[in-house]
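The values are calculated or read from the model by the stated rules, or taken from the named source; none is laboratory data. Model, not experiment: these values are computed from the prediction. Neighbour counts run over all protein chains shown; Cβ positions are idealised from the backbone, glycine included.
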Amino acid sequence: MPVSILDDPKIIEIYDPEKILDDFLELPLQIKKTLEILEDWGLEPFIPKNILISGMGGSAIGGEILKEFLKYKLNLPIIVNREYELTEFINEESLIFSISYSGNTEETLQTYEEAKGKGAKIIAFSVGGLLREKACHDLTPHFSLPSGHQPRAALGSIFFALLSALIKLKIIPQQTQEIEEMLENLYFFQRDFRFKIPILKNYAKKLAIKLYKKIPVIYGSWSYFGAAAMRWRNQFNENAKIIALSNIFPELNHNEIAAWDNPETSYENFFVIILRDKDDPVRIQKRINLTKQIIQKKAEVEEIWAKGDGELSKIFSLIFLGDIASVYLAILQKINPAQIEIINFLKKELVKENE
């Protein structure tokens, strides 16, 4: 394995011509700029009976993180919808966040129309596209996300637009202290994970090397780390173009753990990553330690600990590392992380069917 290519500046020019690595590294700046734009965004207070976030792919993961972040803070149910239709309980007392970075995601556009028909309060988020056109026509509040990114590289804008909307609607209080701590930590990671930092001092590169020709299995320790594990899986899929799996404690101890006891399975191609927190509940810690004992007999296991005290810092410290490592893994495989030819092919074929 030619690991030295991760320290070769010519390689990054060849295999990352769209500079998507820079996009991911600029996450703290993206967040800061988005928050500055959001300062002047006005919304009338509204307390719903439930919240539904409708989006797909890179536009939906922000909703998953928001749902997990607020799970124990909010006395309202939050659902992330990745389908063409909404649940039956949506009505005029529901709050719908319609998210499509491009503004042209067909599932999101269809659920937007359904939410409008049900009389729900809708707030739309996109760079432009049909979603913005519909929102402007219907006088629906719309936030124009900063352009110039692929959806998966726009997580900072998407998540903090959603979070800010809830703050402005008076559903949740300001999160100033949490955001400040998170940004401070992200700037440290940004410095440490840059391409100029050599392998010996760059943990994101080291992790990519360990994952070379492996199948990542990402386990979140509990609660909001389930969304972080999902993000890691999606980024390995889309950036590195490899199959990856994810799950969460304690659920995986009731099903997936049994798969590690099959005598006919070859486990040497799996690499297990456990996303952990110093504040994991005692029972979760016990489960993780026992699970490690089982898996380490079959495959390599690496624990990655969240950084910081606040939950936003913990979540985004893990997400930031996963994003960068997935790009380095793509480069190590001599794959362009920005290209998504199969996804684009599917979209084009679906458009043909509707013509």
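Whenever a residue of region 285-307 is under 20 Å from residue 203 (Cα atoms) and modelled with pLDDT of 95 or more, its partners that are surrounded by 13 or more Cβ atoms within 10 Å (Cβ to Cβ) and among the small types (Gly, Ala, Ser), lying with C-beta atoms within less than 8 angstrom and at least six residues away or across chains, give the pairs 306/313; 306/317; 307/313; 307/317.
Determine which member of the set 158, 123 is assigned to a strand (DSSP E or B) and either in contact with a helix residue (DSSP H, G or I) (Cβ under 7 Å, 6 or more places away or on another chain) or in contact (Cβ under 8 Å) with a residue 60 or more places away in the chain (or both). That would be 123, the only listed residue that is assigned to a strand (DSSP E or B) and either in contact with a helix residue (DSSP H, G or I) (Cβ under 7 Å, 6 or more places away or on another chain) or in contact (Cβ under 8 Å) with a residue 60 or more places away in the chain (or both).
The set of residues in region 45-99 being surrounded by 19 or more Cβ atoms within 10 Å (Cβ to Cβ) and β-branched (Val, Ile, Thr) consists of 51, 53, 61, 65, 78, 80, 90, 96, 99. Out of (1) more than 20 Å from residue 92 (Cβ to Cβ); (2) more than 19 Å from the chain's Cα centre (by Cα); (3) touching a residue at least 60 places away in the same chain (Cβ under 8 Å), the odd one out for residue 130 is which? Failed condition: (3).
Contact annotation: residue pairs with Cβ atoms under 7 Å, 6 or more positions apart or on different chains, pairing a residue in region 63-88 that is in contact (Cβ under 8 Å) with a residue 60 or more places away in the chain with a partner that is surrounded by 16 or more Cβ atoms within 10 Å (Cβ to Cβ) and among the polar types (S, T, N, Q), are 68/223; 71/223; 76/50.
For region 136-154, state whether one or more residues are under 20 Å from the mean Cα position of the chain (by Cα), exposed (fewer than 14 other Cβ atoms within 10 Å of the Cβ) and at negative phi. The answer is yes, given that some residue of region 136-154 is under 20 Å from the mean Cα position of the chain (by Cα), exposed (fewer than 14 other Cβ atoms within 10 Å of the Cβ) and at negative phi.
Out of 141, 151, I need the residue that is within 17 Å of residue 54 (Cβ to Cβ) and modelled with pLDDT under 95. Which one? Don't jump to the end; show me each part of the working.
On the way: 141 fails: modelled with pLDDT under 95.
Only one candidate passes the filter, namely 151.
Yes/no matrix, rows are residues, columns are (1) within 23 Å of residue 66 (Cβ to Cβ); (2) surrounded by fewer than 15 Cβ atoms within 10 Å (Cβ to Cβ); (3) in contact with a Pro (Cβ under 9 Å, 6 or more places away or on another chain):
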residue	(1), (2), (3)
202	no, no, no
220	yes, no, no
226	yes, no, no
263	no, yes, no
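Residue pairs whose Cβ atoms lie under 8 Å apart, separated by 6 or more positions or on different chains, with the first residue in region 337-351 and over 17 Å from residue 19 (Cα atoms) and the second surrounded by 10 or more Cβ atoms within 10 Å (Cβ to Cβ), are 343/238; 350/106.
I'd like the full set of residues that are in a helix (DSSP H, G or I) and over 19 Å from residue 56 (Cβ atoms), limited to region 126-146. Spell out how you get there, then give the answer.
Here is the first cut: in region 126-146, the ones in a helix (DSSP H, G or I) are 129-138.
Once the filter is applied, which keeps residues that are in a helix (DSSP H, G or I) and over 19 Å from residue 56 (Cβ atoms), region 126-146 yields 136, 137, 138.
Regarding residue 264, is this residue in contact (Cβ under 8 Å) with a residue 40 or more places away in the chain and over 18 Å from residue 318 (Cβ atoms)? Answer is no for this residue.
Residue 241 - would you say it is surrounded by 22 or more Cβ atoms within 10 Å (Cβ to Cβ) and touching a helix residue (DSSP H, G or I) at 6+ places or on another chain (Cβ under 8 Å)? Talk me through it step by step, then tell me what you get.
Numbers: surrounded by 22 or more Cβ atoms within 10 Å (Cβ to Cβ): no; touching a helix residue (DSSP H, G or I) at 6+ places or on another chain (Cβ under 8 Å): yes.
So residue 241 does not fit the description; no.
Only residues that are of a type in the set (A, V, I, L, M) and more than 10 Å from the chain's Cα centre (by Cα) were counted in region 209-234, giving 5.
Can you spot a residue in region 35-45 that is at pLDDT below 95 and among the β-branched types (Val, Ile, Thr)? The answer is yes, given that some residue of region 35-45 is at pLDDT below 95 and among the β-branched types (Val, Ile, Thr). For the residues 46, 24, the requirement of being closer than 20 Å to residue 317 by Cα and not charged (D, E, K, R) singles out 24.
Can you pull out the residues in region 236-269 that are in contact with a Lys or Arg (Cβ under 7 Å, 6 or more places away or on another chain) and under 30 Å from residue 341 (Cβ atoms)? Quick ask: steps written out before the conclusion?
First, the residues of region 236-269 that are in contact with a Lys or Arg (Cβ under 7 Å, 6 or more places away or on another chain): 238, 244-246, 249-250, 253, 260, 267, 269.
238, 244, 245, 246, 269, listed by residue number.
Do any helices (runs of 4 or more DSSP H) lying entirely in region 175-282 carry at least 3 residues that are under 17 Å from residue 325 (Cα atoms) and in contact with a strand residue (DSSP E or B) (Cβ under 8 Å, 6 or more places away or on another chain), and which ones are they? Steps first, please.
Working: elements: 176-193, 203-211, 225-238.
Those helices (runs of 4 or more DSSP H) span 203-211, 225-238.
Within region 171-185, the set of residues being within 16 Å of residue 78 (Cβ to Cβ) and touching a Pro at 6+ places or on another chain (Cβ under 8 Å) comprises just one member, 171.
Just a yes or no: is a residue in region 87-104 of a type in the set (Asp, Glu), farther than 30 Å from residue 9 by Cα and touching a helix residue (DSSP H, G or I) at 6+ places or on another chain (Cβ under 9 Å)? Full working, then the answer.
Residues of region 87-104 of a type in the set (Asp, Glu): 88, 92-93.
In the following step, the residues that additionally are farther than 30 Å from residue 9 by Cα were identified as 88, 92-93.
With the extra rule that they be touching a helix residue (DSSP H, G or I) at 6+ places or on another chain (Cβ under 9 Å), the set shrinks to none.
Checking region 87-104: not a single residue is of a type in the set (Asp, Glu), farther than 30 Å from residue 9 by Cα and touching a helix residue (DSSP H, G or I) at 6+ places or on another chain (Cβ under 9 Å).
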